[in-house]
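Report on the structure given below.
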Amino acid sequence: MLSKYSSPNVPVRSWFGPGSAGTWRRARRAALLAFAVLPAACSDLGPGDGELTDFPESETAEAAKALALPFPIDPRKSLLVTDVDIVSEFKLEDVLQQLIDQSGAPGLTPTTLFHRLLDTNRTDATGVFSDVEHCDEVLGNRDDIYPPFNPDTISVAVPFEQQVPTGSRNGWPMFCPRDIGSDTARDPFSDPTASHAFMATTLANRFDLAPPQGNDCGEYRIVFARRSGASSPLVRSFIIFEARLPNPNPSLGRQACRPVVEFWQNQSDPAKSPATRASELKDFYFNGLPGFEPVIHIDHYGNAAGPERGQIRTNDFTFFANGQAALNTTWSLREFKLRHGTSSAPSLSIVPSFVNDNPAAKLFAPTTSTDPRITAFQGSTFPGTVERLAATDDINRFAYRTPLPVEMNAGESVASRFHNNYLNAFGDGGSLKTTIAGRLNSMGSDLTPEQIVARAQTLSCAGCHQPMGSDGEVTSTFDVGVPGTFFPRTLSFTHTSEKTEPIDGTTRQRFIISDALINHFLPFRQQVMEEFLLNNPVLGFEKPGAWTSTSVLLSQHTGRVKEGIASLELRPMLRASSITSASFSTAGLTPVGNTIKLDVFLPKAVLGQNLNGSIEARLSIPSAGINDLSVGSVSLTSLTRGAFTTAAFPSLPASAVDALNAAPSDVQLQFVFDMTIGSRPYYLDNVRFEN
């Protein structure tokens, strides 16, 4: 925990961007000055004392973070690696061969496994392998397409593959066949430079996807792109291996994942050469860290049932035929699971699946349908997600409360002007709009139903890659209700590219990535890494069960968050109530400050509700003879409602500060509340000791 200087809203920036060297020097000076004045009480410092007023708080906090790390985290080394000389060490053939070797499937080759994957884009009539699940294995119901399919309006203005929607997946239509299926007649490995060969473009660290309870250690991805995409905008195809890395010791929660996070952090070591980084990354993916399975493993791509088990995805935009219809083809995103047999009956298959948490567009359309999927979605499923979708102003934290019921997930996500366009399907909203508005009103949110549906759209595969307005037009002003910003655009539907750029003016090259990654997604992922490495999980409310109460219903929340990936949601059962932390050590937090601070989110008041109340902080260190020491009380009327604000408890005596600085391991905090009991919860985050 950055106990002295941490700011709850530190803007995380790359230390390698333009002008960052000067910022770093100024911030480092500020942090060193802050260290120098630690013995003085804050009340003794005025303007000019210690020169701290010369520097923004955020720069001081950034410097404190960087001083606590051995070197700054470089997002292009520790979060998203696209250096050509590094990713070129990763071969699609090697990935498939490792999976085959692990399965023990006799006679199976990487070429055959690759062909079987692409054969899923063919029909039963044209497929190469009779036992592959082709895209028309189950015929689609045209009544489930939204907007409704009207054969009288077919023209070149309709994407070609949508003129014959013959297939389905998971009970929802998918367009079949896709031209990429013709690659089953091509050898992808005989000539690595051929246009139909695939090359690695990206290695992605998605530790930010590790759940608070630490069921796994996040996702680690490899993106392979068809080489043709570097020169032809009409022949682009990607295969993405998205492995979920198991937690070897789930009882320790996310803390058991620390070796993985430290591995990625160490990729930013400026002393490491590209060759060293390439070797270490390849070892991580193919062999694993001590105590961890390799990333590339047959059980990490969805072999087990249930969410968050990993997957293989494809992102395809290929059209080999000539003619105007080629200009109207569309991107198709599909999801696959790896399935394998046993040691006594070995086998390996890449099986088509639905796209997870991508509800079919028709579910949003006003309708009188009695389809049980639609009535359940509009009656309870989607209304049940409104609170979670509305609970943040950070696009990185948009999420559903729980995984959507399987039967509501579309068979594919396509980027055409209207198909799978939730806002277009939503239209005037009908009864669903009324229900959403009621949920928003009950939680005191100023968001509109349309903004909630837009947030859901960004969680779909196509919506994240290319947000479209209700009119079907790609827009740079996609409104998701985040003050001061719109949902970011990408590289014409991709976040990574087959084209390259120089690295920092050198002769080395790296594959280009989207501005959305650079300016929005990577800074958040960097922040998650830094806060995990530096912060105390008890004080950050990151550890499930670390806080207990007999009078408050407690749960973790990943939407309303000030620091890390979770806050603590409180629903008081009694007006006078309290919560108590597990014992923790201040080792690594010293020297501590003389004020305890806590970020508090108070719900907006319901009409006629009494707003008075208070929060008191108490400290116990039994080994130092300190028990239930009150360190101050804060009136709720002094705190802003509907946003996180800081409650400061300034009555921490010098004797308690000295005891905390001795790094005891039996420190315990308690917060005692006098709070109004209502339907709207309270949230706590980011306890710290500051001067």
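The values are calculated or read from the model by the stated rules, or taken from the named source; none is laboratory data. A quick note: this is a predicted structure, and the numbers were derived from the prediction, not measured. Note: ideal-geometry Cβ built from the backbone for every residue, glycine included; neighbour counts use all protein chains shown. Surface accessibility is based on the protein's heavy atoms, side chains included, excluding ligands, DNA and RNA. Shrake-Rupley method; radii C 1.70, N 1.55, O 1.52, S 1.80 Å.
Here are some notes:
- Helices (runs of 4 or more DSSP H) fully within the range 29-130 counting 2 or more residues that are modelled with pLDDT of 95 or more, closer than 30 Å to residue 167 by Cα and of a type in the set (A, V, I, L, M, F, W, C): 92-103, 110-119
- Of all residues in the range 134-149, those that are over 19 Å from residue 472 (Cβ atoms) and in a loop (DSSP other than H, G, I, E, B) have Cβ atoms under 8 Å from Cβ atoms of residues that are open to solvent by less than 30 Å² (accessible area, probe 1.4 Å) and of a type in the set (Val, Ile, Thr), 6 or more apart or on another chain, in 134/120; 134/123; 135/120; 135/123; 136/123.
- Residue within the range 603-619 that is assigned to a strand (DSSP E or B) and touching a Pro at 6+ places or on another chain (Cβ under 7 Å) present: no
- Selection within the range 283-323 - of a type in the set (S, T, N, Q) and assigned to a loop (DSSP other than H, G, I, E, B): 287, 303, 322
- Qualifying residue in the range 407-419 (condition: open to solvent by 10 Å² or more (accessible area, probe 1.4 Å), over 24 Å from residue 602 (Cα atoms), without any contact (Cβ under 8 Å) to a residue 40 or more places away in the chain and not in a loop (DSSP other than H, G, I, E, B)): no
- Residues located in the range 639-691, provided they are within 14 Å of residue 616 (Cβ to Cβ) and more than 34 Å from the chain's Cα centre (by Cα): 650, 651, 652, 674
- Residue check for residue 648: open to solvent by 40 Å² or more (accessible area, probe 1.4 Å), closer than 30 Å to residue 68 by Cα, assigned to a strand (DSSP E or B) and touching a Gly at 6+ places or on another chain (Cβ under 9 Å): yes
Residue-by-condition table, conditions (1) out of contact with any strand residue (DSSP E or B) (no Cβ under 9 Å at 6 or more places or on another chain); (2) at pLDDT below 95; (3) buried (at least 20 other Cβ atoms within 10 Å of the Cβ):
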| residue | (1), (2), (3) |
| --- | --- |
| 437 | yes, no, no |
| 455 | yes, no, yes |
| 463 | no, yes, yes |
| 469 | yes, yes, no |
| 482 | yes, no, no |
| 496 | no, no, yes |
| 499 | no, no, no |
| 506 | yes, yes, no |
| 513 | no, no, yes |
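- Checking each residue in the range 378-390 for being open to solvent by less than 40 Å² (accessible area, probe 1.4 Å), touching a residue at least 24 places away in the same chain (Cβ under 8 Å) and under 24 Å from the mean Cα position of the chain (by Cα) picks out 381, 382, 383, 385, 386, 388, 389, 390.
- Number of residues in the range 437-458 that are assigned to a helix (DSSP H, G or I), touching a Gly at 6+ places or on another chain (Cβ under 9 Å) and not β-branched (Val, Ile, Thr) equals 9.
- If the condition is being open to solvent by less than 40 Å² (accessible area, probe 1.4 Å) and among the hydrophobic types (A, V, I, L, M, F, W, C), then the range 552-581 contributes 552, 561, 565, 566, 568, 570, 579.
- Residue match in the range 632-645 (condition: in contact with a Pro (Cβ under 9 Å, 6 or more places away or on another chain), more than 30 Å from residue 446 (Cβ to Cβ) and open to solvent by less than 40 Å² (accessible area, probe 1.4 Å)): yes
- Scan of the range 651-665 for residues that are surrounded by fewer than 14 Cβ atoms within 10 Å (Cβ to Cβ) and either touching a helix residue (DSSP H, G or I) at 6+ places or on another chain (Cβ under 9 Å) or assigned to a strand (DSSP E or B) (or both), ordered by number: 655, 658, 662, 665
Listed here are the residues, each with its yes/no results for (1) open to solvent by 10 Å² or more (accessible area, probe 1.4 Å); (2) in contact with a Gly (Cβ under 9 Å, 6 or more places away or on another chain); (3) without any contact (Cβ under 8 Å) to a residue 24 or more places away in the chain; (4) basic (Lys, Arg).
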{"position": "88", "(1), (2), (3), (4)": "yes, no, no, no"}
{"position": "95", "(1), (2), (3), (4)": "no, no, no, no"}
{"position": "105", "(1), (2), (3), (4)": "yes, yes, no, no"}
{"position": "109", "(1), (2), (3), (4)": "yes, no, yes, no"}
{"position": "121", "(1), (2), (3), (4)": "yes, yes, no, no"}
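Table: residues versus (1) among the aromatic types (Phe, Trp, Tyr); (2) surrounded by fewer than 22 Cβ atoms within 10 Å (Cβ to Cβ); (3) touching a residue at least 60 places away in the same chain (Cβ under 8 Å); (4) touching a strand residue (DSSP E or B) at 6+ places or on another chain (Cβ under 9 Å).
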residue: 203; (1), (2), (3), (4): no, no, yes, yes
residue: 218; (1), (2), (3), (4): no, no, no, yes
residue: 253; (1), (2), (3), (4): no, yes, yes, no
residue: 274; (1), (2), (3), (4): no, yes, yes, yes
residue: 299; (1), (2), (3), (4): no, yes, no, yes
